[in-house]
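The values are calculated or read from the model by the stated rules, or taken from the named source; none is laboratory data. Note that the structure is a prediction, hence the values are computed from the model and not measured. Cβ sites come from the backbone with ideal geometry, for glycine too, and all protein chains shown count toward neighbours. Just so you know, the surface numbers come from the protein's heavy atoms only, side chains and all, with ligands and any DNA or RNA stripped out. Shrake-Rupley method; radii C 1.70, N 1.55, O 1.52, S 1.80 Å.
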Amino acid sequence: MANEQQTEFWSGSGGEYWVVNQQQMDTMLEPLGAQALARIDLNNVHHMLDIGCGTGSTTLDIAARLPEGARVTGADLSVPMTDYARSRLGPEGVSNANFMTCDLQLDKLDSGTFDAAFSRFGVMFFDQPVVGFSNIRSAMKSGAPLAFVCWQTPRENLWHSLAVATAKKFIEMPAAPEPRAPGPFAFADTDYVTSILTDSGFGDIVIEPHTQTVELFAGQDVRNAAENFARINPIISAFMTEAGDDKAEPLIDGLADALAPYHQNGALHFPSATWLVSARA
Ligand SMILES: C[S@@+](CC[C@H](N)C(=O)[O-])C[C@H]1O[C@@H](n2cnc3c(N)ncnc32)[C@H](O)[C@@H]1O
């Protein structure tokens, strides 16, 4: 089945982690998503698609910024994340947004529906990216803008590489995935991103580098932050759950030591490197 591993992760432990830690993840990712969103003129939008919207924060933010009468649809594979996103609509009084639980690679969308599409780190997980992006493009009106943010390499993103390097001292970590394998770093190579978008029928492709310090786990001491930090990584998280406290403790201690230089004013601060990608359907 296509996207089987991703479905298992995002509708399982990964999705549940994101629901519980929604605010922390938003604090880290919001400034990066904002950079991509600024590439789209929301004044011209009638119906926008938020690709891989997760727990819905970007969709709700877009809904609040859209002009009168315009709407946004957040679409995501994950059952717990879209259930959570939907549960926010009523309490937050939002009437111009909706959420679809769907696989944007596999599930056909009505053609020509959207006049803009956006994503904050939700486009790197398709096992057939050209099929996924072609599906998205066919759901967009001709000439409609697409903007998304994705990660550069793990080496340039310490929030990931530091955890992996530290964990390796305590547990056997699998070999690094192939650079283009579906996952957070699949779009690190800009030639690859350009070829996917071109082969999916997008034009006017612009890819800009962006570096920014991001904040994680505000209000937590370095040890709590280390424990939560470890849980972002699916391999380390699975080990901690299975191994029990005795074996997990040394790893968390080691991680807390490695993170200490990045823990300032009650939060972790890391440099991040992303690509801001824009194109037209
Ligand atoms: C790193 S999370 C980002 C979530 C959200 N955009 C945010 O910034 O908080 C990646 C999201 O992409 C979604 N995703 C992965 N593969 C997908 C697919 N084939 N179709 C739709 N969503 C997908 C996941 O379920 C997950 O919510």
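Accessible area per residue for the chain, computed on protein heavy atoms with a 1.4 Å probe, is 45 Å².
If you place +1 on the Cβ of every Lys and Arg, -1 on the Cβ of every Asp and Glu, and leave all else neutral, what size is the dipole of the range 4-280 about its Cα centre, to the nearest 20 Debye? Working shown, then result.
Details: 17 positive and 34 negative charges, 109 e Å.
About 520 debye.
What is the chain by shape, rounded, prolate or oblate, if you read a ≥ b ≥ c off the alpha carbon gyration tensor as root eigenvalues and call it rounded for a/c under 1.5, prolate for a/b larger than b/c, and oblate otherwise? Prolate is the answer for the chain, as a/c is 1.5 or above and a/b outweighs b/c.
Could you please state how large a percent of the accessible area of the chain is carbon and sulfur, counting protein chains only and using a 1.4 Å probe? Before the final figure, lay out the partial values.
Numbers: 6300 of 12540 Å².
Looking at the chain in its full context, I get 50 percent from C and S.
Is it possible to state the helix-based mean residue ellipticity at 222 nm for the chain, with each DSSP H run of 4+ residues giving -39500 (n - 2.57), the sum divided by total residues, to the nearest 500 deg cm²/dmol? What is it? It would help to have the intermediate numbers written out before the result.
Details: 11 runs with 117 residues, N = 281.
Rounded to the nearest 500, the figure is -12500 deg cm²/dmol.
Cα centroid separation, the range 262-280 to the range 87-133: 23 Å. In the chain, a dipole from Cβ-located charges (positive for Lys and Arg, negative for Asp and Glu) runs towards its positive end, and of ILE205, HIS160, ILE236 it is ILE205 whose Cα lies farthest in that direction. Between LYS108 and THR198, the distance separating the two model label sites (each 7 Å from Cα on the Cα→Cβ line) works out to 2.9 nm. Taking amide H atoms as placed 1.01 Å from N in the peptide plane, the amide H of ARG71 lies under 5 Å from those of HIS47, MET48, each 5 or more residues away in sequence or on another chain.
If you run the Gaussian network model on the chain, springs between alpha carbon atoms under 10 Å, then out of VAL94, VAL222, VAL149 the most flexible one is VAL94. Here the contact order of the chain, divided by its residue count and restricted to Cα pairs under 8 Å and six or more residues apart, works out to 21 percent. Within the range 4-280, antiparallel bridges make up roughly 55 percent of the DSSP beta bridges whose residues both belong there. Karplus-derived 3J(HN,Hα) values for the range 148-163, using 6.51 cos²θ - 1.76 cosθ + 1.60 with θ = phi - 60°, are 8, 10, 9, 7, 6, 5, x, 4, 8, 10, 4, 4, 9, 5, 5, 5 Hz; glycine and proline are entered as x.
Considering only C-alpha atoms, what is the centroid distance from the range 136-154 to the range 159-200, in Å? So the separation of the two Cα centres works out to 19 Å. For MET140, nonlocal amide neighbours, meaning residues 5 or more places apart or on other chains whose placed amide H falls under 5 Å from its own, are GLY112, THR113, PHE114.
How do LEU259, LEU42, LEU77 rank by accessible surface area computed with a 1.4 Å probe, from largest to smallest?
Values: LEU259 0, LEU42 20, LEU77 45 Å².
From most exposed to least exposed: LEU77, LEU42, LEU259.
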